[in-house]
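Read the structure below first, then the notes.
The values are calculated or read from the model by the stated rules, or taken from the named source; none is laboratory data. Just so we're clear, the structure is a prediction, and the values are computed from it rather than from any experiment. Virtual Cβ from ideal backbone geometry, glycine too; neighbours counted across all protein chains shown.
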Amino acid sequence: MGRYRQIVLSVAFLLGLASVAVGQYFGKNKVQYTYFHWQYIQTRHFDIYYTDGGKKLAEYVAQKAEEGYEHLSQDFRYELLDRITIIVYRSHNDFEQTNVDLSPPEESVGGFTEFFKNRVVIPYEGQWEQFRHVIQHELTHAVQMQMMYGTGVMSIVMGMTRLQLPLWFVEGIAEYESLGWDTDSDMFMRDATLNGYVPPIPYLNAFMAYKGGQSVWYYIAQRYGQEKIGEIQGKVKISRNVENGFRRAIGLSIEELSERWHKYLKKRYWPDIAGRDEPEDVAKKLTDHKKDGSFVNLSPVMNPRGDKVAFMSDKSGYFDVYLVSTIDGKLLGKVVSGQRSGSLEELHWLKGRNLSWSPDGKFLILSAKAGPKDELHVVDVAKKKIVNSYTFDLDGVYNPTWSPKGDKVVFSGMVKGQSDLYLLDLQSRKLTKLTDDVFSDIEPAWSPDGQWIAFAS
């Protein structure tokens with residue numbers, strides 16, 4: 001979860017789940033289901049390894065990595081001393097079998113950088129822009145680590161004993177270099193500022209190390225100039241001290257920078273208060289993470305009668321599916337226990353909406369990792385048990401949505417680096433491919449009459 005795991009830096013896409021990720025590694029063994037036949041292509045600066053059916057992904061990585069490195073070399077004022085290896089997996093299911101890192105990557109880990117051997121390891125997860133973001137994020141780690149510590153095991157070990165970079169420094173710059181300043185990051189920092197949970201810079205940890213750190217680097221670029229990004233990196237390297245590096249580059253201590261950054265955030269976001277409605281004034285709160293100990297409650301779907309909502313939560317330390325009453329907010333119990341069995345290894349809680357009700361409100365359908373593949377599971381809500389499962393020859397299955405008539409399900413399926421829509425006949429089990437293009441086709445939704453399907457692409 002974006003932390004040092006011996007020699008690994010990881011990127012994750014989840015709000016504040018560091019402690020959850022740590023807890024879920026306990027007792028989980030890595031299983032390798034597939035023998036991978038590796039091939040590779042080379043560019044000027046990179047060796048890119050891919051498995052069967054993944055050449056298109058490797059070519060995309062080659063293009064984006066070279067473009068990204070050109071940008072990084074200008075910002076950091078640095079030229080690579082050694083080539084970087086990039087290992088590309090066709091799906092997150094394949095990625096979870098990697099032997100580059102000893103720990104099995106959780107669903108929240110979108111990639112990692114192992115810098116003793118100068119390797120970046122990334123999966124394709126169905127969306128090209130997300131893939132580009134991960135490529136650039138991990139490449140930033142690889143370039144920064146080589147710049148700071150050099151190449152070769154002894155050089156890196158000696159360098160790390162002399163200079164330890166804080167998480168906000170490395171994850172923040174990786175987010176800034178891969179995203180600049182984007183609407184999602186702006187949303188997160190607005191919420192953090194208006195609700196008073198932005199800590200001083202030295203205490204930016206967990207997900208705040210990503211988004212808070214990104215905001216710090218954005219502020220530096222806006223206030224002191226983009227050229228200061230590289231100057232700070234260079235001064236930190238020379239002085240072997242983060243504090244001294246900032247003093248030499250911008251004339252401020254970390255404490256002084258933190259104070260100025262906080263003032264900037266308040267000036268930027270506090271005026272929004274006048275135009276805001278408080279959530280409790282316009283809506284009923286159905287979950288409370290402070291009371292139940294959860295970090296995340298997401299993927300809510302209302303049943304056809306409108307009196308219940310099914311949602312995913314990590315309140316037990318695992319991701320499970322619960323029901324809550326829309327009438328009085330009472331928790332109605334757990335429907336699915338995730339991450340405890342081979343058929344429900346991961347519930348794809350980061351893939352947007354991943355639950356759907358049957359038209360009669362008796363069943364839920366969801367996708368989950370089951371061994372090397374994904375499956376669709378039909379769950380009897382009253383009995384709280386899986387009553388049917390569907391397996392496909394696909395690398396990933398996401399966003400299932402039940403048809404208004406109840407006889408079909410549409411979902412986003414991924415194979416060989418391509419995401420398309422698929423239509424499943426529940427009775428005959430016939431699978432029909434609805435789209436066939438290079439674009440990311442996701443989040444399908446039925447029209448009320450069942451004649452049309454809207455989707456994002």
It is to be established whether one or more residues within segment 162-171 are more than 24 Å from residue 116 (Cβ to Cβ) and modelled with pLDDT under 95. no
Residues in segment 84-134 that are assigned to a helix (DSSP H, G or I) and among the aromatic types (Phe, Trp, Tyr) total 3
Of these, 120, 109, 88, which one is of a type outside the set (S, T, N, Q), under 18 Å from the mean Cα position of the chain (by Cα) and either under 30 Å from residue 231 (Cβ atoms) or exposed (fewer than 15 other Cβ atoms within 10 Å of the Cβ) (or both)? 120
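Every residue, every condition in (1) surrounded by fewer than 18 Cβ atoms within 10 Å (Cβ to Cβ); (2) over 25 Å from residue 109 (Cα atoms), yes or no:
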| site | (1), (2) |
| --- | --- |
| 407 | yes, yes |
| 417 | no, no |
| 424 | no, yes |
| 429 | yes, yes |
Tally time: how many residues in segment 195-218 are in a helix (DSSP H, G or I), modelled with pLDDT of 95 or more and either farther than 18 Å from residue 140 by Cβ or of a type in the set (A, V, I, L, M, F, W, C) (or both)? 7
Which ones in segment 404-457 are part of a strand (DSSP E or B) and among the basic types (Lys, Arg)? 408, 433
Given (1) of a type in the set (Val, Ile, Thr); (2) free of Cβ contacts under 8 Å to residues at least 40 places away in the same chain; (3) surrounded by 19 or more Cβ atoms within 10 Å (Cβ to Cβ), residue 170 misses just (2)
Failed item, numbered, when residue 298 is tested on (1) in contact (Cβ under 8 Å) with a residue 40 or more places away in the chain; (2) in the same structural domain as residue 198 (by TED's automatic domain parsing): (2)
List every residue pair whose Cβ atoms sit under 8 Å apart, with the two residues 6 or more apart in sequence or on different chains, where the first one lies in segment 314-343 and is without any contact (Cβ under 8 Å) to a residue 60 or more places away in the chain and not assigned by TED's automatic domain parsing to the domain that holds residue 299 and the second, anywhere, is in a loop (DSSP other than H, G, I, E, B) and loosely packed, with under 14 Cβ neighbours inside 10 Å. none
Lone qualifier among 109, 153 - being touching a residue at least 40 places away in the same chain (Cβ under 8 Å), of a type in the set (A, V, I, L, M, F, W, C) and in the same structural domain as residue 227 (by TED's automatic domain parsing): 109
Candidate set: segment 318-366, residues that are in contact with a Pro (Cβ under 9 Å, 6 or more places away or on another chain) and not in a loop (DSSP other than H, G, I, E, B); chosen: the one surrounded by the fewest Cβ atoms within 10 Å (Cβ to Cβ): 324
Working carefully through the options 236, 198, find the one that is within 23 Å of residue 159 (Cβ to Cβ) and aliphatic (A, V, I, L, M). 236
Is it fair to say residue 315 is more than 26 Å from residue 388 (Cα to Cα) and either of a type in the set (Lys, Arg) or crowded, with 20+ Cβ neighbours inside 10 Å (or both)? yes
For residues in segment 134-155 being touching a Gly at 6+ places or on another chain (Cβ under 7 Å) and aliphatic (A, V, I, L, M), which is surrounded by the most Cβ atoms within 10 Å (Cβ to Cβ)? 139
Residue under question is residue 211, and the condition is that it be touching a residue at least 24 places away in the same chain (Cβ under 8 Å), of a type in the set (D, E, K, R) and either surrounded by 19 or more Cβ atoms within 10 Å (Cβ to Cβ) or closer than 25 Å to residue 150 by Cβ (or both); does it hold? yes
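Would you kindly identify the helices (runs of 4 or more DSSP H) lying entirely within segment 241-299 that contain at least 3 residues that are surrounded by 11 or more Cβ atoms within 10 Å (Cβ to Cβ)?
Working: elements: 242-250, 254-269, 279-282, 289-292.
So the answer is 242-250, 254-269.
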State which residue pairs qualify: first residue free of Cβ contacts under 8 Å to residues at least 12 places away in the same chain and inside segment 439-457, second residue in a strand (DSSP E or B) and surrounded by 14 or more Cβ atoms within 10 Å (Cβ to Cβ) in any location, beta carbons under 6 Å apart, and separation of 6 or more residues or different chains. 454/445
How many residues are touching a Gly at 6+ places or on another chain (Cβ under 9 Å) and not in a strand (DSSP E or B) when one looks only at segment 367-388? 3
Of all residues in segment 61-83, how many are at negative phi and assigned to a loop (DSSP other than H, G, I, E, B)? 6
